[in-house]
Each structure stands twice: as structure tokens, then as C-alpha cells.
1. With the checklist (1) modelled with pLDDT under 90; (2) loosely packed, with under 14 Cβ neighbours inside 10 Å; (3) farther than 16 Å from Val20 by Cβ in hand, flag the one item Asp34 doesn't pass.
2. Has the range 19-29 got at least one residue that is surrounded by 15 or more Cβ atoms within 10 Å (Cβ to Cβ), in contact with a helix residue (DSSP H, G or I) (Cβ under 9 Å, 6 or more places away or on another chain) and assigned to a strand (DSSP E or B)?
3. Run Ala45 past the list (1) surrounded by 10 or more Cβ atoms within 10 Å (Cβ to Cβ); (2) assigned to a loop (DSSP other than H, G, I, E, B) and report the number of the one that doesn't hold.
4. Does the range 83-94 include one or more residues that are among the β-branched types (Val, Ile, Thr), exposed (fewer than 11 other Cβ atoms within 10 Å of the Cβ) and free of Cβ contacts under 8 Å to residues at least 12 places away in the same chain?
5. Please determine, by comparing only the residues of the range 55-84 that are assigned to a loop (DSSP other than H, G, I, E, B) and charged (D, E, K, R), which one is farthest from the chain's Cα centre (by Cα).
6. Does the range 39-82 hold any residues that are free of Cβ contacts under 8 Å to residues at least 24 places away in the same chain and β-branched (Val, Ile, Thr), and which are they?
7. For residues that are exposed (fewer than 14 other Cβ atoms within 10 Å of the Cβ) and of a type outside the set (S, T, N, Q), scanning just the range 1-18, find the one that is modelled with the lowest pLDDT.
8. Go through (1) more than 15 Å from the chain's Cα centre (by Cα); (2) at pLDDT below 90 for Ala99 and report which single condition fails.
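The values are calculated or read from the model by the stated rules, or taken from the named source; none is laboratory data. Because the structure is predicted, anything quoted here is derived from the model rather than measured. As a convention, Cβ positions derive from the backbone with ideal geometry for all residues, glycine included, and neighbour counts pool all protein chains shown.
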Amino acid sequence: MDIYLKAKSEAALYEALEAVGVVTQGEDGWHVTDGHRYALDVIGAVYKPTGEVIEEDGVAAPVMKAVPGFHANLRVIDASNFDANMLNEITINVPTNPARGWA
């Protein structure tokens, strides 16, 4: 099961994932609790074009703006005893053009 996540901040994302047992915090940061059950792809900020274009050294490039929120993808490999509804507050619909996807 793939779940697309968008929280208000990095802290809010990890707090929600910790509450459902996907991650735990150690001295050196956050870790997935069970790599046989979960895969987590932390994306962070996602950028979209504003419609403006800038030119530098003869090369045109779109002006990008961050989409609000902190993004991640969660793959639940073993969904036994996992309640995806607990993440409803930060779950979003499958993106039309995802920034990243699973291989």
C-alpha cells in the first residue's frame, strides 16, 4: 500500500509517523522502525513553476515556488496491524505528477 503524505512541517510529519509506529527518534535522527514492513521516502519541499521565466546567460528557466507543506511517500509492505486511517490528517490523494515514485 502506497500512501502520499503532506504535513505542515517536518516535525508534524515525523510526529504523525511516530504515533502509528512507522518511525522512532534516536540520538542521530529519525529511523524507520521495521524495514521489512515500511519504506519511507522523505521528499521535503516540492516546487512548482510560477509561470514566470528568467533568463541568465541566454538560458531561459522557469521561476519555481515551494508548494506549502512537507512531503513524503510511505510504502506499507506488511499492512497487518497497520491502520492507515491514523494518517488521514496528513494523507493526500495520489499526485497527478508526483515529484518522486517507487521503482
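1. Of the numbered conditions (1) modelled with pLDDT under 90; (2) loosely packed, with under 14 Cβ neighbours inside 10 Å; (3) farther than 16 Å from Val20 by Cβ, the odd one out for Asp34 is (3).
2. Checked against the condition, which is being surrounded by 15 or more Cβ atoms within 10 Å (Cβ to Cβ), in contact with a helix residue (DSSP H, G or I) (Cβ under 9 Å, 6 or more places away or on another chain) and assigned to a strand (DSSP E or B), the range 19-29 yields at least one hit.
3. (2)
4. Looking through the range 83-94, none of the residues is among the β-branched types (Val, Ile, Thr), exposed (fewer than 11 other Cβ atoms within 10 Å of the Cβ) and free of Cβ contacts under 8 Å to residues at least 12 places away in the same chain.
5. Out of the qualifying residues, it is Asp57.
6. Thr50, Val53, Ile54, Val59, Val63, Val67
7. The residue in question is Met1.
8. Result: Ala99 passes all but (1).
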